1. For the range 64-177, what log10 I(q)/I(0) values come out of the Debye formula at q = 0.23 1/Å, with one point per alpha carbon and no solvent?
2. Which cysteines in the chain lack any other cysteine whose Cβ sits under 4.7 Å from their own Cβ?
3. Quick check: convex hull of the Cα atoms in the range 141-194, volume per residue, rounded to a whole Å³?
4. Nothing charged except the Cβ atoms of Lys and Arg (+1) and of Asp and Glu (-1): what's the magnitude of the dipole of the chain about its Cα centre? Round to the nearest 20 debye.
5. Along its principal axes, what span do the Cα atoms of the range 1-116 show, with the longest given first and each in whole Å?
6. Could you work out the helix-only [θ] at 222 nm for the chain, with each DSSP H run of four or more residues adding -39,500 (n - 2.57) and the total divided by the number of residues, to the nearest 500 deg cm²/dmol?
7. Quick one: among ALA120, ALA82, ALA60, which has the greatest mean-square fluctuation in a GNM of the chain with alpha-carbon springs under 10 angstrom?
8. Can you give the accessible area of VAL81 in Å² (nearest 10), computed on protein heavy atoms with a 1.4 Å probe?
Amino acid sequence: MVRTASTMLPLGTAAPDFQLLDVVSGNQISLASFAKKKALLVMFICRHCPFVKHIQEELARLGKDYQDSALGLVAINSNDVANYPDDAPDRLKDMAQTLEFTFPMGYDETQEVAKAYTAACTPDFFLFDGDRKLVYRGQLDDSRPGNDLPVNGKDLRAAIDALLADQPLPPDQKPSIGCNIKWKPGNEPPYFGA
């Protein structure tokens with residue numbers, strides 16, 4: 001495990017498109033799948049990472065709390081499953097069903113989607129407005145494994161609520177911290193380890 005921070009992609013960046021298999025439904029998902037939503041939250045997560053395990057119940061709550069709102073949510077796993085088999089699609093499906101995720105879980109086998117978003121860690125969060133321009137990238141909240149702070153999603157929830165209410169987003173955006181994305185050997189992006 002390498003403790004890694006978000007790359008903090010520049011605000012205003014357009015959401016890269018993707019075509020991924022939802023490991024739960026078996027359907028293809030893309031940006032167009034969320035076309036009717038006012039906002040879109042893209043979350044890079046996995047199953048094995050202790051940082052994700054620490055917040056997975058809050059991710060499930062987040063999905064349930066915003067299920068009937070104008071927010072679209074999608075989780076994506078980009079980890080190398082040859083070396084991290086717990087992040088394989090069947091194991092991700094188990095995770096999503098056990099936690100009762102209300103959002104699709106995409107599998108990024110080529111890791112090209114993670115690279116397009118400059119995703120660096122799990123968890124890594126990217127919130128886009130109705131024009132699919134980036135308005136928030138950063139942490140869920142201040143909680144980390146072992147720091148005894150509550151897992152409440154306050155930073156990300158504040159950004160989502162402001163966006164849905166057409167209010168200015170919080171200017172103080174702290175990077176997410178987690179395990180580095182497990183790149184396939186030789187497939188590491190230039191920003192890895194920078």
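1. Here the Debye-derived log intensity ratios amount to -1.51.
2. For the chain, the answer is CYS46, CYS121, because their Cβ atoms have no other cysteine Cβ under 4.7 Å.
3. 139 Å³
4. 160 debye
5. 37, 31, 26
6. Helix-only estimate at 222 nm: -6500 deg cm²/dmol.
7. With Cα springs under 10 Å in the chain, the top fluctuation among ALA120, ALA82, ALA60 is at ALA82.
8. Result for VAL81: roughly 40 Å² accessible.
The values are calculated or read from the model by the stated rules, or taken from the named source; none is laboratory data. Nothing here was measured: the structure is a model prediction, and the numbers come from that model. FYI the Cβ positions are ideal-geometry reconstructions off the backbone, even for glycines, and counts take in every protein chain you see. We work out accessible area using only protein heavy atoms, side chains counted, and drop any ligands, DNA or RNA first. Shrake-Rupley method; radii C 1.70, N 1.55, O 1.52, S 1.80 Å.
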